[in-house]
C-alpha cells in the first residue's frame, strides 16, 4: 500500500483514544470528520479531529453548528485531496474499501484500527495476536476488570470487621495492606508475582516479617478471587511468591532457679504475667485480653474464648498446683493485666536482677518443661494453642524430666507476700520502697 494512501486515508482517524466514540460524524462523499463532545468546567465543548495533507488537525468550538460547518469544510478539503492525489492501484483501492467495510461493523476508523494493531504487535512480539486475545478472554471471563488494589483492600478490611476478627488481627491487616495499596495503586489484576517479590525484598525486613507480610497478601488475593477481581482458575500473584526459608533457632528458656528469683522479686501487678506465662504458656496478647473471671481457681483451669486466643478457637489450659499458689497471693478482679505496659516491665525487672530476657522466654519455658513432664506432644499442643509439628520440632528433648519436676514445683514460700517495690516511670526501673501510685493503677 502506498505512502500516499496512508497519508490521505488518515481522515478516518477518530481521535488519539481509539475506543472513544464521536458525538456525530460529518461526511462529504467518502471523506468524514468526527465531532467529539466533552465537558470543560461544566460547559459542553465540541472538538473536530482530522488529517489533512499528512498533518493532524484538531479544533475546539463552543457552538455545535459552528463545529459542523468547520467539519463540513474540512471533509470537502479532504475529498478534494483524495480526488487529486490518490494514486491507488485497483487492487489497493479494493483492499482499502474492503477494510472500511469490515471496520464498519464495529464503527472503528481504519487508521485507528491500524494503530491499535501495530501497538499490539509490538507488545506481543512473535506471539499470535488472535491466540493471545482468546487466551486473555478465557482467563478474564467473568472477572471484573479495573478494580484497584486500594478498593479491594478496603473491601477486605470491612468484611473482616463484619466477621468479628480480633483487634490485634485487624491492626496487622490494616497496617500491611494499606502499605501495599500505597505501593500498588493500580488494578489488582495487573499486579505480578515478581513485583510482590521485589517489594518484599526491598523492604529490608527480616525473613520472618517478610513471610508474615506475604501471608497477609495471600489473604488479600484469595479474597479478590472470591469477588471475581482476579481469575480463580490459576495461582494468584501472591501465591506464586515463595516464602523465605527461615533458619531454625533453638528456643531459649529460664532455668528453674532463675525463674524462682524473678517471681520472688516481682511486685503484685507483675506477678500474674510471669506466673501465667511461665506455668500455663499463654501468649502476651492472650494475657492482655484475659479477665480474672476466666481463671477458675477451684476447677484449676483457664478458659480462653475464641476472640481471646490467637488461633480464634476456644482453648482450655490446665493450671498446675504451683500456679494456683502464686495467683492466690494477688487480687483477682477485672483484667489480669491492669496496665498495658506491664509486659514491658518484666524484662526490666529481669535486668535489675542481672538476668537476660530472651524473646518469648515464658512461653518457650512452659512448653519445654511441659513436654518433658507429660511426654505428650499432642496434649501440649492443645494446651499451648500450637501445632504438634511445631512442638515436636522446637521443644522436644530441650530439658529433662527432672528439670520439669523442679519447674512445676516452684512455689511461694510459706507466709510470703509480693515485695513492696515501686516503678520509677522516669528512669524505667524498679526500686525498693512503698508502692507508688501512677496515672493508671497502683504498682
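Read-outs throughout are calculated quantities, based only on the coordinates presented, and are distinct from any laboratory measurement. Nothing here was measured: the structure is a model prediction, and the numbers come from that model. Neighbour counts run over all protein chains shown; Cβ positions are idealised from the backbone, glycine included.
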**Prompt:** Under the definition of Cα pairs under 8 Å and six or more residues apart, what whole-number percent is the relative contact order of the range 149-226?
**Reply:** 42
**Request:** In nm, give the distance between the simple-model label positions of residue 76 and residue 341, each being 7 Å from the Cα along the Cα-to-Cβ direction.
**Result:** 8.8
**Request:** May I ask you to derive the relative contact order of the range 256-432, considering only C-alpha pairs under 8 Å and at least 6 residues apart, and to give it as an integer percent?
**Result:** 29
**Request:** Determine, at each q value in 0.26, 0.28, 0.33 (inverse angstroms), the log₁₀ of I(q)/I(0) that the Debye formula gives when each Cα of the range 97-137 is one equal point scatterer.
**Result:** -0.92, -0.95, -1.00
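Using r as the Cβ-Cβ distance of residue 264 and residue 393, and R0 as 45 Å, what FRET efficiency do you calculate, to the nearest 0.05?
Details: r = 34 Å, r/R0 = 0.75.
Efficiency for this residue pair is about 0.85.
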**Request:** Report the extension gain between residue 23 and residue 219 in nm, rounded to one decimal, defined as 0.36 nm multiplied by the number of residues separating them, less their alpha carbon distance.
**Result:** 66.1 nm
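Could you please rank 41, 167, 28, 190, placing first whichever residue has the fewest other Cβ atoms within 10 Å of its Cβ? Write out the running numbers ahead of the final one.
Details: 41 5, 167 11, 28 17, 190 14.
Ordered from fewest to most neighbouring Cβ atoms within 10 Å, 41, 167, 28, 190 come out as 41, 167, 190, 28.
Quick check on the range 256-432: what are the equivalent-ellipsoid semi-axes from the Cα gyration tensor, as sqrt(5λ), descending, whole Å?
With the √(5λ) rule applied to the range 256-432, the semi-axes are 25, 19, 16 Å.
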**Item:** Segment residue 172-residue 116, length gained on full extension (0.36 nm per residue, minus Cα span)
**Value:** 15.7 nm
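Divide the volume of the convex hull of the Cα atoms of the range 328-409 by its number of residues and quote the answer in cubic angstrom per residue.
Once divided by residue count, the hull of the range 328-409 is 144 Å³.
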**Request:** Obtain the nm distance between the two label points defined at residue 64 and residue 353 by a simple spin-label model: each point lies 7 Å from its Cα along the Cα-to-C-beta direction.
**Result:** 8.7
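May I ask you to sort 175, 30, 365 by Cβ crowding, counting other Cβ atoms within 10 Å and putting the fewest first?
Values: 175 12, 30 17, 365 27.
Going from least to most buried by this count: 175, 30, 365.
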**Message:** For 43, 160, 21, which order do you get if you count the other beta carbons within 10 Å of each Cβ and list the fewest first?
**Reply:** 43, 21, 160
**Message:** Between residue 301 and residue 162, what is the label-point separation in nm under the 7 Å Cα-to-beta-carbon projection?
**Reply:** 3.5
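Checking the a/c ratio against 1.5 first, then a/b against b/c, what shape does the Cα gyration tensor give for the range 149-226? The partial results should precede the final answer.
Values: a/c = 1.99, a/b = 1.24, b/c = 1.61.
Because a/c hits 1.5 or more and a/b fails to exceed b/c, the range 149-226 counts as oblate.
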